[in-house]
Every structure is written in C-alpha cells, then in structure tokens.
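S.K.: Right, I'll just put the structure down here and ask away after.
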Amino acid sequence: MELHNENPFKVRSFQNAYSSAKKLNEELLSKSKEDLTLVPGIGKSVAAFIMDLRENKPVPSFEKLVDLTPEGIRDLLQVKGMGPKRVLTLWKTLNITDIDQLINECESGNLARAKGFGEKTQQEILEKALLFKESKGKLLYSEAEKYLEIISQSLPHAFLTGEALRKNQIISEAHWIIDSAYWPPVLYDLKITEHSDESIAGVFRDELSVRFSKSTQNASKTAFVESFTPIVREHLSISENNITGTNEDDYFHSLGISPIIPELRWDINARNYNVDRLVKNADIKGLVHCHTNYSDGVNSLQEMIDQARNLKYEYIVITDHSKSAGYAGGLSEERVLQQKREIDEIRASVSDIVIYQGIESDILSDGSLDYDNDFLHNFDVIIASVHSVLNMDENKATTRLIKAIEHPATNILGHSTGRLLLQRKGYPLNWEKIFDACKANKVAIELNANPRRLDLDFTLIRQAMDKGIMIPINPDAHSTQGMGDVKYGVIAGRAGGLTTDFVLNALPAREFISKLKK
DNA sequence: GCCGTTTTCGGCCCGACTGTTTTCAGTCG
C-alpha cells in the first residue's frame with residue numbers, strides 16, 4: 001500500500017491493526033467477525049479482510065497491489081535502512097527491483113546520484129544489502145529446530161551431522177548422512193536443487209536448506225567425523241580410518257579421548273573441559289529479564305509471574321523498559337511506582353516464587369542511565385542495555401559502555417553488542433576493557449537467550465570466565481512463551497564452555513540478590 | 001481505515017539520528 005500511493009493514514013491503520021493483533025494474547029483466527037472488531041485498531045474493513053484471508057478468498061484490492069509489485073521488491077524492504085520511500089524512489093528512478101540490482105547500483109556509484117541519496121547513504125545501504133544477501137536462505141537454530149525434528153522422524157536411518165548437530169546459532173544447511181542401503185531418501189515437501197548419485201540438496205518447506213550424502217563406508221561413522229569442524233578434525237586426527245566400533249562412545253574410546261558434546265565440536269580445546277560442570281537447563285533457578293505489558297511485553301505482570309511459577313522457577317526479575325524507550329512504552333517514574341504497588345499486592349498472594357522489580361535501563365548515548373540516581377534505588381536489579389545509536393565505532397561504543405558499567409547502580413550489562421543475528425551486526429567493542437571494567441565494578445554480563453541475539457557471543461564466554469565475570473542466562477522474555485528461550489541460551493552457554501558456577505541465575509534467590517549488591 | 005466525540009468529521013506516536021539539504025525527509029527503535 002505504501003508503494004502504491006495509498007492514503008498514508010489508511011496504511012497506518014493497517015499497521016495499527018497488525019501490531020494490536022500481535023499483542024493480542026489469543027488466537028486471532030478463532031475469533032468471530034464481531035469479536036474481531038472489538039480488537040482495538042480493527043474495524044469493519046480490516047475484520048472483513050481477515051475473514052477473507054481466513055477463508056482463502058481472494059481479496060481483489062490486495063491481489064492487485066501484489067500483481068503491481070515486482071517479486072524482489074519485498075527483499076528490498078527487508079534491508080535495514082531501506083523504507084518504503086527509498087524503495088519507491090529507487091524503483092521508479094533507477095528501476096531497481098531486486099537485491100542484486102541494488103548491490104550493483106551501489107557498487108557502480110549510481111545510487112548516490114538518486115534524489116535524496118548520497119555517498120554515505122550508498123555505502124550504508126551497500127553494507128546492509130550485502131548482509132541481507134548473505135543471510136538469505138539461512139535460519140536461526142530456533143527456526144530450523146522444528147524442521148530438523150520432522151526430517152529426523154521421517155528418515156530414521158539418516159544421521160544428522162555438521163552445524164545442525166552442533167546446534168549452531170545459524171543454520172545455513174542441515175546435513176544428513178545415509179547408508180547406501182537406504183539411499184536415496186524420500187522426503188515430502190523437499191524442493192530438490194541438486195541431485196547426483198552421492199548427494200541430494202534442496203529446500204525443505206521453502207525454508208530450511210538441507211543436504212543428504214550417501215556414505216561410502218558407514219553412515220554413523222561418517223556423520224561422527226563430519227560433526228566436527230575441519231580444524232578440530234585435524235587437531236584431534238579424527239578420520240573414518242582411525243575409529244572403530246558402532247556408536248559415538250566407541251568412536252571416542254578408539255580415539256583415546258573422552259566424549260565431546262556436539263555443541264563443543266567446534267573448539268580445539270573441547271576435550272579438556274569437564275562436561276559435567278557445563279550449565280544445563282535444570283540449573284537455571286531464576287528468570288531474569290522479563291517484560292510485561294507495562295512496556296512492550298504481551299502478557300500482564302500477573303500472567304508472567306504465574307507462568308514462571310508453572311515452570312517451577314524460584315524467582316523472577318521483572319525488567320520493563322525505562323522511560324527513554326518511548327517506542328517500547330518505557331516506564332515513567334510514576335508507572336514504575338504503580339508497578340511496584342502491583343508487585344507488592346501479588347507478593348502478598350503468592351508464596352511459591354520470589355518476585356524482584358528490576359528495570360532494563362537504557363544506556364543513553366553518553367553512557368549515562370535513564371533515571372536519577374536517587375530513583376534507581378527503587379529497583380532490586382538494574383540491567384543496563386543499549387537500544388539507540390547502535391552505530392558507534394569501537395572507541396566510542398567501548399567508552400559509552402564502560403561509563404554505564406561504572407555507574408554504581410548497574411548490576412548487569414544487557415545484550416552487550418546490540419546485534420540481531422542475520423539482520424544486524426553489533427557495534428564493535430574492546431572486550432578486554434569491557435571485561436576489566438565489569439570485573440572492577442562487579443557487573444555481570446548477560447547471555448541474552450533470545451535466539452536472534454545470543455549476545456554475549458558464545459566465543460567470548462571463556463575469556464569472560466577467565467576474568468571472573470558472572471554470566472546470567474536471560475530470556476529477555478516479552479511474553480510467557482518467550483520464557484522458553486532460556487534453552488537457547490543454555491545451548492550457547494554450553495557451546496562456549498560456560499560452567500554452572502559462573503551462571504548468576506543458577507544461584508538461589510537470596511544468593512543471587514546478595515551477589516548483585518555492591 | 002479507525003477512532004472518539006461536547007459524534008458522522010478531523011486527526012492519526014515520537015525522539016533521535018543521519019545525510020542531504022540549506023530546513024527537512026526518511027528510517028529506526
């Protein structure tokens with residue numbers, strides 16, 4: 001609609017309907033047309049539109065817009081920094097209608113000649129477009145997971161290996177090995193892109209890139225060898241010729257090393273780690289970093305607390321956004337105190353969970369926190385996170401974060417680089433300095449368990465542990481469902497060698513809170 | 001297109017940032 005000169009306010013109303021529906025805590029599709037119009041932002045027209053979509057009826061006004069829009073334009077809108085206005089300008093003046101054309105026109109310098117564009121914008125868009133292209137066809141592990149399960153169940157004789165077995169945070173291609181007796185595999189919903197006697201590659205359900213290879217010797221052995229990265233394979237002399245037996249335990253035994261969990265098979269030092277000490281799901285005792293509908297969460301305070309109780313956590317730390325985060329409904333001082341009163345009421349009615357009131361305080365661009373120092377005393381836990389001006393260079397970003405770390409009220413550094421996997425690179429940091437500052441100021445660094453963040457990156461965990469820094473695994477939950485993300489943080493932690501004694505929220509409530517005090 | 005109203009029209013979230021402008025448009029979070 002934006003690309004075809006619809007009334008901007010009409011566009012806005014569809015956007016409002018969408019974001020309102022998204023925040024809805026029930027299935028949109030189970031509602032009657034009358035109930036739909038009760039949802040704020042959904043009126044007669046949008047309700048009718050939803051009903052038509054639900055019954056698979058073509059909606060002429062909508063189909064017409066789709067027909068008028070080249071396929072590749074949708075990709076362009078996904079590129080960060082490209083909104084509908086810029087996409088439209090480039091489409092109409094330079095006839096750019098897909099990502100490759102966009103990249104070409106940037107590289108040849110033509111983009112800077114378009115009205116409203118310049119050298120810097122061109123460079124910025126080129127970087128973001130290349131990142132988009134590189135990310136295309138790849139999935140987050142959390143997105144790939146369900147497909148991996150389906151395929152593994154459909155093909156019981158296929159051995160999963162490679163990055164998918166290691167549970168990499170990003171899956172570019174899931175790889176299975178199959179014995180010749182079961183070759184070739186038969187799988188529904190697979191669009192085959194490559195086919196030979198030894199290998200079949202394709203896309204499963206239009207989302208997950210997959211590859212099946214026929215094993216020349218023994219599929220189990222081949223999959224075992226291929227589950228290690230090449231550098232680890234070489235380092236530990238792992239090849240099909242020097243392993244014997246029928247299962248992984250045998251293979252490790254024949255190599256003379258103790259078993260290495262799949263998550264760690266990228267790390268040449270993995271065999272030196274004690275697997276029993278690595279963090280596991282059951283170790284996590286408290287849910288730290290949870291949002292409610294006081295700010296941009298979906299569920300109410302009560303609902304979040306009840307779900308944490310259902311999940312048998314000992315404590316929950318409510319951390320809504322702070323006042324500067326206007327776009328996310330950040331809390332004014334008044335709202336913080338209102339929430340405090342509500343928490344007190346709930347505390348009086350439940351005895352099986354400890355509730356802490358925290359805040360996810362914005363780190364402003366100069367490194368300061370978001371409320372007056374006096375007011376910050378209202379919170380039990382303060383997570384300091386960057387949400388704006390995400391493009392600083394290493395020096396500026398490091399200085400900014402260190403100032404926040406040195407603030408006497410800061411307990412935990414939230415998603416430290418601001419990255420969004422497959423979407424946005426984080427700002428660069430001098431980790432040595434960040435870790436030293438955290439150590440000196442008793443500040444923990446969160447491992448944000450949201451599968452799109454997983455920030456602190458797992459490759460930095462050992463370095464942080466060596467400095468003695470505590471690393472809570474936090475769901476950054478924006479709904480009761482989001483609490484389940486803890487498991488992705490645990491996977492990342494294990495991949496990074498994170499041991500339970502360094503996981504701040506593996507501590508019981510009282511020890512957790514006293515460890516924070518400075 | 002939606003909403004609210006002292007209701008059938010008139011207004012629709014916003015602050016920060018950036019780059020391209022020479023006072024603002026576009027995008028992001």
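S.K.: Would you mind ranking A:290, A:106 so that the residue whose beta carbon has the fewest other beta carbons within 10 Å leads the list?
M.R.: Listed from fewest to most nearby Cβ atoms, that is A:106, A:290.
S.K.: Can you tell me the equivalent ellipsoid semi-axes for chain A? Use √(5λ) from the Cα gyration tensor, largest first, whole Å.
M.R.: For chain A, the ellipsoid semi-axes come out as 37, 35, 25 Å.
S.K.: Most exposed first by the Cβ proxy, i.e. fewest other Cβ within 10 Å, how do A:304, A:483 rank?
M.R.: In order of increasing Cβ crowding within 10 Å: A:483, A:304.
S.K.: Can you check what the net charge comes to around residue A:300, using other residues whose Cβ is under 10 Å from the Cβ of residue A:300 (Lys, Arg +1; Asp, Glu -1)?
M.R.: Spelling it out: positives minus negatives among the neighbours equals -3.
S.K.: Which of A:351, A:239 comes first, and how do the rest follow, when ranked by fewest Cβ neighbours within 10 Å?
M.R.: Result, fewest neighbours first: A:351, A:239.
S.K.: Moving to a separate point now. Of the beta bridges DSSP finds with both residues in segment A:281-516, what % are antiparallel, to the nearest 5?
M.R.: That works out to approximately 5 percent antiparallel.
S.K.: Another one. Quick one: net charge around residue A:251, please, counting Lys, Arg +1 and Asp, Glu -1 for every other residue with C-beta under 15 Å from its C-beta.
M.R.: It works out to a net charge of -1.
S.K.: Oh, and also: Picking from A:193, A:358, A:219, whose Cα lies most toward the positive end of the charge dipole for chain A (charges on Cβ: Lys, Arg +1; Asp, Glu -1)?
M.R.: A:358
S.K.: Taking 0.36 nm per residue of separation and subtracting the Cα-Cα distance, what length does fully extending residue A:7 through residue A:481 add?
M.R.: 167.0 nm
S.K.: Report the Cα centroid-to-centroid distance between segment A:356-389 and segment A:93-162 in angstrom, as an integer.
M.R.: Segment A:356-389 and segment A:93-162 have Cα centres separated by 34 Å.
S.K.: Want the number for residue A:127 to residue A:191: 0.36 nm per residue separation, take away the alpha-carbon distance, what's left?
M.R.: Once the chain is fully extended between residue A:127 and residue A:191, it gains 20.0 nm.
S.K.: Using 1/(1 + (r/R0)^6) with R0 = 35 angstrom and r between the beta carbons of residue A:157 and residue A:134, what's the FRET efficiency to the nearest 0.05?
M.R.: My answer for the efficiency is 0.55.
S.K.: By how many nm would the segment from residue A:59 to residue A:110 grow when fully extended, if each residue of separation counts as 0.36 nm and the alpha-carbon distance is taken off?
M.R.: Extending this stretch completely gives an extra 14.6 nm.
S.K.: Here's another thing I want to ask about it. Indicate, rounded to the nearest 5 percent, the antiparallel portion of the DSSP beta bridges found entirely in segment A:139-271.
M.R.: Counting DSSP beta bridges with both partners in segment A:139-271, the antiparallel share is about 75 percent.
S.K.: Right, here's the next one. Quick one: compute the contact order of segment A:295-344, relative version, from alpha carbon pairs under 8 angstrom and 6+ residues apart, as a percent.
M.R.: 36
S.K.: What fraction of the Cα pairs in segment A:281-516, stated in percent, has a spacing above 24 angstrom?
M.R.: 38
S.K.: For Cα pairs less than 8 Å apart in space and 6+ apart in sequence, what is the mean separation divided by the residue count of chain A, i.e. the relative contact order in percent?
M.R.: Averaging sequence separation for qualifying contacts and normalising by length gives 11 percent for chain A.
S.K.: Out of every Cα-Cα pair in segment A:78-179, what percent are more than 23 Å apart?
M.R.: Result: 45 percent of Cα pairs exceed 23 Å.
S.K.: Next question, about the same structure. Efficiency by 1/(1 + (r/R0)^6): what FRET value for residue A:423 and residue A:217, r their Cβ-Cβ distance, R0 = 60 Å, to the nearest 0.05?
M.R.: 0.90
S.K.: Moving on to the next point. Could you list the GluC sites (Glu not before Pro) in segment A:54-131 that lie in coil according to DSSP, counting only those with at most 15 other Cβ atoms within 10 Å of their Cβ?
M.R.: Sites meeting the loop and neighbour criteria: A:55, A:71.
S.K.: Sticking with this structure for a sec: Go ahead and estimate [θ] at 222 nm for chain A from helices alone: -39,500 (n - 2.57) per DSSP H run with n ≥ 4, summed, over the residue count, rounded to 500.
M.R.: -11000 deg cm²/dmol
S.K.: Efficiency by 1/(1 + (r/R0)^6): what FRET value for residue A:433 and residue A:199, r their Cβ-Cβ distance, R0 = 60 Å, to the nearest 0.05?
M.R.: 0.80
S.K.: What is the spread of the Cα atoms of segment A:2-135 along each of their three principal axes, largest first, in whole Å?
M.R.: 54, 29, 26
S.K.: Hey, another quick one. Taking each pair of distinct Cα atoms in segment A:151-251 once, what is the resulting Kirkwood hydrodynamic radius in Å?
M.R.: It works out to 14.1 Å.
S.K.: Consider all pairwise Cα distances in segment A:264-401 and report the whole-number % of them above 18 Å.
M.R.: 62
Every number in this text was worked out from the coordinates using simple rules, so none of it is lab data. As the structure is a computational prediction, the values presented were derived from the model and not from experiment. Because the Cβ atoms are built from the backbone with ideal geometry, glycine has one as well, and the counts that use them run over all protein chains shown.
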